[in-house]
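Colleague: First the structure, then my questions, so here it is.
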Amino acid sequence: MLSHDPRWPRAGDWPAPAGHADVALVGIPTSATSLSPTQAHLTPAAVREALRRYSFESSLRIVDAGDLMDVSALDAALVIALGGDNSATVPVATGRGARGLVTLDAHHDLRDGVSNGSPVRQLIEAGLDGSRVVQVGIEPFANSREYAQRAADLGITVITRDDLRRRPIADAMVEALELASAGGGPVHVDLDVDVCDRSVAPACPASVPGGISAIELRDAARTAGAHPAVTSVDFVEVDASADAADGRTVRLVAMCVLEVMKGYTKR
């Protein structure tokens, strides 16, 4: 049971949509097409509960649209989507009319078929220009040479995990967002939490040792929220049922949701 203090308002418990909002939170509880057994559909509810552990005070109009797959009707400047596996990226990016895409991910997600391993390929085949796709945090050992070549052939810009060892992640995100927004139009940011080190993201089936840190993910989330071209952000690939006993992965996602909102206040 969480304590109550009228001088310390908790995050979360935002009202349902009613008119225009600055930020709309939405759950996309996908898991059926995941390549790994997962209960990622449980994660939106878990993140909403974790949000109440933190405080976020601002003048933003924030709403919670509940769980749905079609975000196109949401009247909000920024949509924050809680997955679900990475297949959630497709309906969110499509529903928001994304013309550019930044992924923070250990994987290229260019597989054939329809699964959580194919959203980037699906979006490009649906018309997204590969030259406006930037992938940050790619782990070469977690991908094949053939998919790396597919990324190159499609014109995707790739910033690897090794690259991030030599520069701040916020700088990499700024570069990625400028490339994705070149030419105008909305940008979607896919924050796949399995880009994190397995020690901080044990609830991600495909997280690897040596991924980015929790504070780097938070920095990336805030940078995404601050960019004026970003109209949607998703958090995916967390299976709340597989989290550590202390709930560290879900709590990290909750904090990153707040980081995106904090970034938005800087626009």
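A short reminder: the numbers here are calculations on the coordinates, not readings from a lab. All values reported here derive from a predicted model rather than from experimental measurement. Note that each Cβ is placed from the backbone with ideal geometry, even for glycine, and that neighbours are counted across all protein chains shown.
Colleague: Name the residue from His4, Ala152, Gly184 whose Cα lies farthest towards the positive end of the charge dipole of the chain, charges +1 on Cβ of Lys and Arg and -1 on Cβ of Asp and Glu.
Modeller: Farthest towards the positive pole: His4.
Colleague: If I take R0 = 25 Å and measure r between the Cβ atoms of Ser144 and Ala245 in this structure, what FRET efficiency does the formula 1/(1 + (r/R0)^6) give, to the nearest 0.05?
Modeller: For R0 = 25 Å, the calculated efficiency reads 0.15.
Colleague: Using a 10 Å cut-off around each Cβ, can you sort Met261, Met1 from fewest to most neighbouring Cβ atoms?
Modeller: By the 10 Å Cβ count, ascending, the order reads Met1, Met261.
Colleague: Using a simple charge model, +1 on the beta-carbon of Lys and Arg, -1 on the beta-carbon of Asp and Glu, nothing else, what dipole does the chain show about its Cα centre, in debye to the nearest 20?
Modeller: 580
Colleague: Another question, then. On full extension of the chain, what length is gained from Lys266 through Val174, given 0.36 nm per residue of separation minus the C-alpha to C-alpha distance?
Modeller: Here the answer is 31.7 nm.
Colleague: Here's another thing I want to ask about it. How high is the relative contact order of segment 21-264, in percent, counting Cα pairs under 8 Å that sit 6 or more residues apart?
Modeller: 24
Colleague: Taking R0 as 22 Å, what's the FRET efficiency between Gln39 and Val114 from their Cβ-Cβ distance, rounded to 0.05?
Modeller: 0.65
Colleague: Place a label point 7 angstrom from the Cα of Asp153 along the Cα-to-Cβ direction, then list the residues of segment 98-116 whose backbone nitrogen is under 17 Å away.
Modeller: The answer is 108-113, whose backbone nitrogens lie closer than 17 Å to the label point.
Colleague: When Lys and Arg each count +1 and Asp and Glu each count -1, what net charge do the other residues less than 15 Å away from Met69, Cβ to Cβ, add up to?
Modeller: -3
Colleague: Continuing with this model, one more query. Collect residues whose amide H, placed 1.01 Å from N in the peptide plane, falls under 5 Å from the amide H of Cys196; neighbours closer than 5 in sequence don't count.
Modeller: Answer set, sorted by chain and number: Ile212.
Colleague: How large is the convex hull of the Cα atoms of segment 21-264 per residue, expressed in Å³ as a whole number?
Modeller: Output value, Cα hull per residue: 106 Å³.
Colleague: Enumerate the residues in segment 225-247 having an amide nitrogen under 20 Å from the point lying 7 Å beyond the Cα of Arg10 toward its Cβ.
Modeller: Residues passing the 20 Å test: 240-241, 245-247.
Colleague: Next question, about the same structure. Using a Gaussian network model on the chain with a 10 Å cutoff between Cα atoms, which of Ala245, Ala229, Ala32 fluctuates the most?
Modeller: Looking only at Ala245, Ala229, Ala32, the biggest GNM fluctuation is shown by Ala245.
Colleague: Based on DSSP H assignment, which helices of the chain show an axial Cα extent of at least 30 Å together with a mean Kyte-Doolittle hydropathy greater than or equal to -0.5?
Modeller: None pass (Cα extent of 30 Å or more, hydropathy at least -0.5).
Colleague: Right, here's the next one. Which whole-number percent is the relative contact order of segment 212-267 (Cα, under 8 Å, 6+ apart)?
Modeller: Reported relative contact order: 58 percent.
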